[in-house]
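Read the structure below first, then the notes.
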Amino acid sequence: VWGVTRFVRSRNHDELKSAIRVALRNPEDILPINSIPPEPHFLIPQGRSIQVTGEQEHLDVLAKYVQSAEASRIVVTLHPIAGKSKTPSSVLEVQLDGQRIGQLTSAMSATLMPMVKEAEGHDRSTAAWATVSGSRLAAEVVLKAMRAEEVPNTWPSSSDVLPQLG
C-alpha cells in the first residue's frame, strides 16, 4: 500500500495519490493437488517442517502425487495408532486420501497429539498441510504444521477447516 498527498498547481489544492499492489501466489502453491478430506476436520495451522517416516513403503499411493523433485502441496490427515514398542504411547499415522503413507516419530507425534485429541473431542479428524516430492521410485513427505505449544488459544474454530471447492 502506497499513498502520498501532493499539491496540484492547476487545481490549487492537495490531492491524494495512492496505489495498492497485491501479490498472489501461484494457484499450485495455494491449493492442494489432492482432494480435501471429505469428513469433518480441523486444519492445523501451517508451521515448521516435520518429516514423515516410512514413505518408501507406500509408493503405490504416493506415485500419482509425485509430480517432480519440486515439492507439491497436499493435505493429509493424522490418526493415532498404537506404538510398536513396549510402551503404550501412540504415534500418528499419516494418511493421504484415506490411505496410509507413513507415520511420525514418537517425539513428533507427541507434539501434535494434543491437537488430534482436541479434534476427536469435537468428533472431527485432524488435517495438516504437507508437501510431497521425489519420483515414482522414491518420495518424501513433509508436514508443515504448528506444534501444540505454538497453536493459538482460539484453535480450533469454525474457520480452521478447508472448504470443499467446485
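Data overview
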| read-out | value |
| --- | --- |
| In degrees, nearest ten, helix 106-121 long axis to first principal axis of the chain (Cα) | 80 degrees |
| Mean Cβ neighbour count within 10 Å, used as a protection proxy, ranking 134-140, 101-107 highest first | 101-107, 134-140 |
| Total lysine pairs whose alpha carbons fall under 24 Å of each other in the stretch 33-166 (8 or more apart, or interchain) | 4 |
| Equivalent-ellipsoid semi-axes of the chain, from the Cα gyration tensor, Å, largest first | 41, 21, 14 |
| Along principal axes, Cα extents of the stretch 1-84, largest first, whole Å | 79, 28, 24 |
| Mean ellipticity per residue at 222 nm, deg cm²/dmol - from DSSP H runs of n ≥ 4 across the chain, formula -39500 (n - 2.57) | -4000 deg cm²/dmol |
| Tail fraction, Cα-Cα pairs, the stretch 88-166, threshold 16 Å, whole percent | 58 percent |
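The numbers here are math on the coordinates, done by the rules we state, and not lab data. Since this is a predicted model, take the numbers as computed values, not measurements. Neighbour counts run over all protein chains shown; Cβ positions are idealised from the backbone, glycine included.
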